[in-house]
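The values are calculated or read from the model by the stated rules, or taken from the named source; none is laboratory data. Given the structure is predicted, the values throughout are model-derived calculations rather than measurements. Note that each Cβ is placed from the backbone with ideal geometry, even for glycine, and that neighbours are counted across all protein chains shown.
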Amino acid sequence: MPRLLLVSNRLPVTVKVEKDSVAVVRSAGGLATGLRRPHERSGGQWIGWPGDMSRLSESQRTRVEEQFAEQRYVPIHLTASEVSRYYEGYSNRVLWPLCHYMLDRIPRQDRDWEVYRKVNERFADLTAKQYQPGDTIWVHDYQLMLVPGMLRERLPEARIGYFHHIPFPSSEIFRTLPRREALLKGLLGADLIGFHTVSYVRHFSGSLLRQLSLDTDVDSIMWQGRQVRVGAFPMGIDSDSFDSLAKEVSVLEEVASLRRTAEGQRILLGIDRLDYTKGIPRRLLAVQRLLEREPAWRGRLRFIQVAVPSRTQVEAYATYREQVNELVGRINGQYGSVQNVPVHYLYRSFNEKQLAGLYRAADVMLVTPVRDGMNLVAKEFCASRPDEDGVLVLSELAGAADELNKALTVNPYDVESTADAIEQALEMGEHERRERMRALRAQVKAHDVHWWVSHFLGRLQGLPSVSVRDVKGGDEALEVMKSAERLSLMLDYDGTLVGFAPRPELAAPDDALRELLAKLVARPNTTVSVVSGRPKETLESWFGTLPMGLHAEHGLWSRSRPGDAWRMLDGVTAEWKDAARPMLDEFAARVPGSFVEEKSASLAWHYRQVDPEFGALQSRELRLKLAETFARRPVDILPGDKVVEVRPHGVNKGRVVDAVTRQLSPGTLVVAVGDDRTDEDMFAAMPEGGLTIHAGNKPSRATYRVSGPEEVRKLLAALVET
Ligand SMILES: O=P(O)(O)OC[C@H]1O[C@H](O[C@H]2O[C@H](CO)[C@@H](O)[C@H](O)[C@H]2O)[C@H](O)[C@@H](O)[C@@H]1O
Ligand SMILES: O=c1ccn([C@@H]2O[C@H](COP(=O)(O)OP(=O)(O)O)[C@@H](O)[C@H]2O)c(=O)[nH]1
Ligand SMILES: [Mg+2]
């Protein structure tokens, strides 16, 4: 097993100072439990924040640090201001509400970003310092979204995983964040990015497309010459441990005592951190509504709500607490009696054993967050029911709902139907309860936290190793080109020599490009060809006077020198065009912002100005339709950069390579530069020893990669300088 470097905001232990004594307390919770064993077995390090150690005496600190070293914990100490700005500020005032769809809660001023970035940098530095070749790094959660990217800069060949424990919101939400690009790029430093559900994966891919124009191919994204994988890895709990706790004699005694005090009543249970995502007020309202509309239940329900104090320094949590207090008071005031109150509200935390007792005593468990990445409480409840009884009412907006489909699912915003579901749960017959609970338990047991860890790490460690050496950059290409005796350059136009513009006619060459090309053709022993999908009229008007080869419509038309006539490839038919045009026109009419470009023997449907996610969807649809309709016709359908091209079969840029190289003297280095799918034909047709450069971030067979037109121009400029 490779060494694991675990990186999380908190270490799995916290230093607690009470008067004169210091305790290092093990954190409960799924993450700490699940990762403890792999951490021990792999002999690696765990990097994280141990809590505030500033009040420790010299000798106390030494002792604690010795303990850490023994357990291979690497503490990262945060100052009070870092805690308030990195943790409470950016992480919990910005990213937390954002990922939970609560834009109103985000402060208007973006004050804490810089500190968030700096603390992320400290985590990355410390991790890089611990790193040994062959290690696997696993970074956790939204407090550290920049760390994978920062690590990639420091350790280009490391194997890096990242897991996002909270929801990843729809791209419509994520786009509102001023730092959206930086955060996405931060995550893309990883080799594998994990989420709890497929919806979060989809949302993340949507944001990559919208914000960075990156396409996700099933589960992989090309980024800076590397393949980044994404996937859904629903987190589990230590189900065996809850199962055995729930069978312990002392726990069963506690259960019996709880039930005795609730004699004649049914127990409803809620267990949450006191967090505005947990839907506690609406849950209380649902219970209230049930009591209001069904007088028969009055006096017969005991709703135990545990609310664990959390993030108390963040104002929104204090306000929320008030709101919950008030509601509890109102309901108890209205439906309580001298003997009894319906809501037993406990603002404190319990240990796992106590929780197991509560879970096992409950008739109905209410897990109704208004958003939740996963929600482990729902799973712990099931694991704690070896008696196969108890009903789970579960919000459909919790990640857990994807797996726990035998729960009674509710829309937590719909108070009335939540009340219905509670009633249904209370009235459910024993047989149905048992059947549902059995299925829920099987699911929770089969996908426990150990499964989760090995599933994620198995995927990460099974990926082909990142051999960054295979991906060479512009500087390396330049060296090879400079040392060649003779050069033949084949240059694509859009996306390669110039960046994309909203419409084709707006991407005309600028003066700098003209100058550069003029110098290039004047370079000794150098020939240049522009190989483009553009119509010949366009190329002629832009470059007609330059002594270079021009190849239009992917090589259908060619012209060698200024003044030469344009020649068309033989045997090409475009009689299918009349049948294809109405289909493209229909899409242009239906998808606002898109349009059709007509060339002599091809058609292109452009969607650069369309909403990126909708555009991608419609382009797939169009390609499918075209493929179906023209299955037996001599037509190729090509996805380009925000364009679907329909062109005659047999015409492709590879043929230009053949034609050009046939005329070269031996020993000429052939170089092809391009950015999209149509340029891959050029790369595939290269003669032996040819040099291929991809401009951009798409999957490519090219040996060299540069980021885009700007770098292409820099490379060509360097070539003429020598
Ligand atoms: O082979 P290329 O030289 O790269 O040409 C490919 C297509 O380029 C043009 O469209 C692209 O560039 C436009 C201007 O920036 C942009 O508006 C459009 O979204 C891009 O797809 C051209 O219009 C097509 O005919 C070419 O096939
Ligand atoms: O008094 C409590 C209440 C909850 N928990 C634990 O806190 C975790 C809550 O995880 P969940 O995914 O439900 O919500 P989160 O707090 O991560 O949003 C669960 O493992 C609970 O067992 C706890 O240790 N003591
Ligand atoms: Mg191009």
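Brief remarks on what is shown
- Filtered residues of region 679-697 (kept if hydrophobic (A, V, I, L, M, F, W, C) and either more than 29 Å from the chain's Cα centre (by Cα) or away from ligand 3 (no atom under 16 Å from the Cβ) (or both)): MET682, PHE683, ALA684, ALA685, MET686, LEU691
- Reported count of residues in region 512-539, each being outside any loop (DSSP other than H, G, I, E, B) and surrounded by 14 or more Cβ atoms within 10 Å (Cβ to Cβ), is 18.
- When residues of region 636-681 are limited to those that are in contact with a His (Cβ under 6 Å, 6 or more places away or on another chain) and of a type in the set (A, V, I, L, M, F, W, C), the one nearest to ligand 2 (Cβ to nearest atom): VAL643
- Hey, ARG93 more than 23 Å from the chain's Cα centre (by Cα), closer than 21 Å to ASP275 by Cα and either assigned by TED's automatic domain parsing to the domain that holds LYS118 or not in a helix (DSSP H, G or I) (or both) or not: no
- Considering each residue of region 366-388 in turn, none proves to be more than 32 Å from the chain's Cα centre (by Cα) and either outside any loop (DSSP other than H, G, I, E, B) or over 25 Å from LEU440 (Cβ atoms) (or both).
- Boolean, PRO582 is over 30 Å from LEU214 (Cβ atoms) and not assigned by TED's automatic domain parsing to the domain that holds PRO509: yes
- Helices (runs of 4 or more DSSP H) (entirely within region 393-511) containing at least 1 residues that are surrounded by 21 or more Cβ atoms within 10 Å (Cβ to Cβ) and within 16 Å of ligand 2 (Cβ to nearest atom): 430-446, 449-462
- Out of ARG289, ARG260, ARG273, ARG210, sole residue that is basic (Lys, Arg), surrounded by fewer than 21 Cβ atoms within 10 Å (Cβ to Cβ), over 19 Å from VAL370 (Cα atoms) and in the same structural domain as ILE331 (by TED's automatic domain parsing): ARG260
- Only one entry of PRO234, PRO178 meets the criterion of being out of contact with any strand residue (DSSP E or B) (no Cβ under 6 Å at 6 or more places or on another chain) and closer than 21 Å to TRP138 by Cα, and that entry is PRO234.
- The set of residues from region 13-47 being part of a strand (DSSP E or B), under 16 Å from GLU70 (Cβ atoms) and not hydrophobic (A, V, I, L, M, F, W, C) comprises ARG26, GLN45.
- In region 653-679, the residues that are farther than 12 Å from MET490 by Cα and buried (at least 22 other Cβ atoms within 10 Å of the Cβ): ASP675, ASP676, THR678
- Evaluation of GLN609 against the conditions (1) in contact (Cβ under 8 Å) with a residue 60 or more places away in the chain; (2) in contact with a Leu (Cβ under 9 Å, 6 or more places away or on another chain) shows that the sole unmet condition is (2).
- Look at region 500-518: where a residue is free of Cβ contacts under 8 Å to residues at least 12 places away in the same chain and a partner is within 8 Å of ligand 1 (Cβ to nearest atom), sitting 6+ places away or on another chain with Cβ atoms under 8 Å, you get ALA501/ALA507.
- Residues of region 298-314 include none that is at pLDDT 95 or above, part of a helix (DSSP H, G or I) and away from ligand 3 (no atom under 16 Å from the Cβ).
- Scanning region 345-392 for residues that are among the aromatic types (Phe, Trp, Tyr) and near ligand 2 (Cβ under 8 Å from one of its atoms) yields a total of 1.
- Flag set for GLY640, criterion: under 23 Å from TYR704 (Cβ atoms), within 10 Å of ligand 1 (Cβ to nearest atom) and outside the structural domain of GLU711 (by TED's automatic domain parsing).
- Filter result for the condition that a residue is within 16 Å of ligand 3 (Cβ to nearest atom) and not aliphatic (A, V, I, L, M), over ASP658, ASP676: ASP676
- Only a single criterion out of (1) crowded, with 17+ Cβ neighbours inside 10 Å; (2) modelled with pLDDT under 95 is not satisfied by ASN351, namely (1).
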